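S.K.: Structure in structure tokens, see below.
The values are calculated or read from the model by the stated rules, or taken from the named source; none is laboratory data. Computed from a predicted structure; not experimentally measured. Cβ coordinates were reconstructed from backbone atoms using ideal geometry, including for glycine residues, and neighbour counts include every protein chain displayed.
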Amino acid sequence: MRRLTNIEIAVRKWKEQPCADCGLSFPFYVMQADHVKGQKHFSIGDTSSSRRSKLLFKISLSDVLEELEKCEPVCANCHAERTHRRNVSIPKVADRVWEVKRIRRNLIKDAHETWRSNCMKDYGAP
């Protein structure tokens, strides 16, 4: 069994808090850090020694503690629910583009029908 680093010990200690949503307590491997404040500089999940080597920069214990200040502890289930709600409430850019195209298409169709109707009034039916 390998020895835990100071960073891993600090993160596990932080994860001992109950879930901010459901209020239940779970083992450290079920608890997750949900970034809710400020800009996210790195994922807390990438702070284990096995994942840290993949990061392009070094992370110190103070960096991790600073990042945890921006987070709320939530269980994996509640974190999935939160993420889903965020993604559903904020439409994707592609959805906005299609909505704009749909509105434009309807405006053109309405303008054409209005023009055709006015032509029929002025010049009679073809």
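S.K.: So how many residues does region 68-126 have that are in a helix (DSSP H, G or I), at pLDDT 80 or above and surrounded by 12 or more Cβ atoms within 10 Å (Cβ to Cβ)?
M.R.: So the answer is 9.
S.K.: Please work out if Ala20 is touching a helix residue (DSSP H, G or I) at 6+ places or on another chain (Cβ under 8 Å), surrounded by 12 or more Cβ atoms within 10 Å (Cβ to Cβ), at pLDDT 85 or above and outside any loop (DSSP other than H, G, I, E, B).
M.R.: no
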